[in-house]
2 protein chains.
Amino acid sequence: MANNDAIPVEPDHGGGIRQRSRASIERRILDAAESVFAEAGFNGATTAEIARRAGIPKANLHYYFKTKDDLYQQVLTGIVNTWLHTADEITAEADPAHALAHYITAKIELAREQPIPSRVFANEVIHGAPHLGTYLGSELRSWVEAKAKVIRGWITAGKMREVDPRHLLFMIWASTQTYADFAAQISAVLGRDQLSQQEYKAVARQVTEIILRGCGLTPPNPS
Amino acid sequence: MANNDAIPVEPDHGGGIRQRSRASIERRILDAAESVFAEAGFNGATTAEIARRAGIPKANLHYYFKTKDDLYQQVLTGIVNTWLHTADEITAEADPAHALAHYITAKIELAREQPIPSRVFANEVIHGAPHLGTYLGSELRSWVEAKAKVIRGWITAGKMREVDPRHLLFMIWASTQTYADFAAQISAVLGRDQLSQQEYKAVARQVTEIILRGCGLTPPNPS
DNA sequence: GTCTATAAACTGATAGAC
DNA sequence: GTCTATCAGTTTATAGAC
């Protein structure tokens, strides 16, 4: 999260007051790219549009990122790295009801606060994950196996009902990320432009209650 | 489902044995288009690739469907019409546990048997549903309100726990369609090329159990 | 490091012979 | 109704002046 480094104030060749360090320009390009990729997919995204949103000429974009593919790879890598560091509360020692409730709530909050990266990732996976290399089958798979082992421990200890932990995780991912990925559908069906923060809280509560009760757990009172 | 009409055997100008009626050619193009749109999205799909898979020259595709947009619209319409006719078992008179179990099972089976249309639709919604016109906000919204009314009736009658029926439907959609839309991720995480029919049955059972128990219902024995 | 101009390749759509 | 050839517009990526 907090890694602004020491941004060197370089000589400003182009004029203007904006931050011109390499790091900050790359960040601007990556943010612009993320939103364009989310809206149009990899194929539909154009480097011209990304450059426009980043506020730079298209040629500069290709100076910082050699190809459209390189840029997309770095966007994906950033998203994936963020995601691998969630669910830290799912540990053998934790209370299952509390840990799962915390995870579900955090995922709903992430869907509300950062829907765009979720959509980029969803788009990639729907199309068969052609740019994700070995991530799904190695890093993510190991991550799931580790968490599944914890949940199996809970089950063996009689703390919760017997379920397949991997499919439970898929269900949690689906039920929470749908509020980011399918926001257009949810908004339209509910007849609102977007959900209020209070509605998101109610959603988190309901999803948590259903999944916890479904696992034979008693939902904790929302803090 | 069963509507082969009477396919007129027209004069065969191009040679070859294949069916050449207008209806059958359009069907071939629509099927090819569906798979290409699912793999690459609207923007990434090319009319050249669709024509190649349909086994016709590109110019013929534009003879049968004026524009790429027309073709996409017809693909979407077909998907949407299929979907509006599911969940027929969710009625006021039905037993909640049985009706919901039936709906969830049917949705999982649909994800297994027809993942491609699901992906086309998911892709469309993720990108903000720019080609869906008023469908989400009118037809689908009415559909959801009707089903929500039924479920509210069940709740009022004390047959199930109090939940928001609309978000319950979103959860069912997400938990089932994820097996079509995110198949690449699920396969990779589980370390298999694709799930067996038996695994799909186990998934249907687990999703059903969690959601029904989560709603305070007792899952029926799988028939 | 920045920017304008442009090359090189691709894509949707059509013309026109058969 | 079918097919080849091709146009017009877009898009990725680069060359080269500053």
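The values are calculated or read from the model by the stated rules, or taken from the named source; none is laboratory data. Predicted, not measured: the structure shown is a model, and the values here were computed from it. Methodologically, a virtual Cβ is constructed for each residue, glycine included, from the backbone with ideal geometry; neighbour enumeration extends over all protein chains shown. Side chains are part of the model used for accessible areas, which takes the heavy atoms of the whole protein and leaves out ligands, DNA and RNA. Shrake-Rupley method; radii C 1.70, N 1.55, O 1.52, S 1.80 Å.
Out of the residues in segment A:181-205 meeting the condition of being open to solvent by 40 Å² or more (accessible area, probe 1.4 Å) and not basic (Lys, Arg), tell me which one is farthest from the other protein chains (Cβ to nearest Cβ). Per the stated criteria, the residue is A:Gln197.
Within this structure, B:Phe121 fails the test of being away from chain A (no Cβ under 13 Å) and open to solvent by less than 10 Å² (accessible area, probe 1.4 Å).
For segment A:5-14, state whether one or more residues are away from DNA strand C (no atom under 13 Å from the Cβ) and either within 14 Å of chain B (Cβ to nearest Cβ) or at pLDDT 95 or above (or both). Checking segment A:5-14: not a single residue is away from DNA strand C (no atom under 13 Å from the Cβ) and either within 14 Å of chain B (Cβ to nearest Cβ) or at pLDDT 95 or above (or both). When the residues of segment A:211-221 are filtered to those that are in a helix (DSSP H, G or I) and open to solvent by less than 10 Å² (accessible area, probe 1.4 Å), the one that is nearest to the other protein chains (Cβ to nearest Cβ) is A:Gly214.
The set of residues in segment A:52-68 being open to solvent by 40 Å² or more (accessible area, probe 1.4 Å) and aromatic (Phe, Trp, Tyr) consists of A:Tyr63, A:Tyr64.
Based on what the data block shows, is B:Leu110 open to solvent by 10 Å² or more (accessible area, probe 1.4 Å) and not assigned by TED's automatic domain parsing to the domain that holds B:Asp31? Here the answer is yes, as B:Leu110 does meet what is asked.
Only a single criterion out of (1) in the same structural domain as A:Lys147 (by TED's automatic domain parsing); (2) within 15 Å of DNA strand C (Cβ to nearest atom) is not satisfied by A:Thr105, namely (2).
So is B:Leu100 away from DNA strand C (no atom under 16 Å from the Cβ), within 14 Å of chain A (Cβ to nearest Cβ), surrounded by fewer than 14 Cβ atoms within 10 Å (Cβ to Cβ) and not charged (D, E, K, R) or not?
Here the answer is no, as B:Leu100 does not meet what is asked.
Looking at segment B:37-51, which of its residues are closer than 19 Å to A:Glu39 by Cα and buried (at least 20 other Cβ atoms within 10 Å of the Cβ)? Once the filter is applied, which keeps residues that are closer than 19 Å to A:Glu39 by Cα and buried (at least 20 other Cβ atoms within 10 Å of the Cβ), segment B:37-51 yields B:Phe37, B:Ala38, B:Ala40, B:Gly41, B:Phe42, B:Ala45.
Out of curiosity, is A:Ile79 open to solvent by less than 40 Å² (accessible area, probe 1.4 Å) and in contact with a Ser or Thr (Cβ under 6 Å, 6 or more places away or on another chain)? So A:Ile79 fails the test.
Taken together, B:Thr208, B:Thr178, B:Thr156 contain a single residue that is surrounded by 21 or more Cβ atoms within 10 Å (Cβ to Cβ) and more than 8 Å from chain A (Cβ to nearest Cβ), which is B:Thr208.
Listed by position, the helices (runs of 4 or more DSSP H) enclosed by segment A:127-194 that each have at least 3 residues that are out of contact with any Phe, Trp or Tyr (no Cβ under 6 Å at 6 or more places or on another chain), at pLDDT 95 or above and closer than 17 Å to B:Val189 by Cβ are A:141-156, A:165-181.
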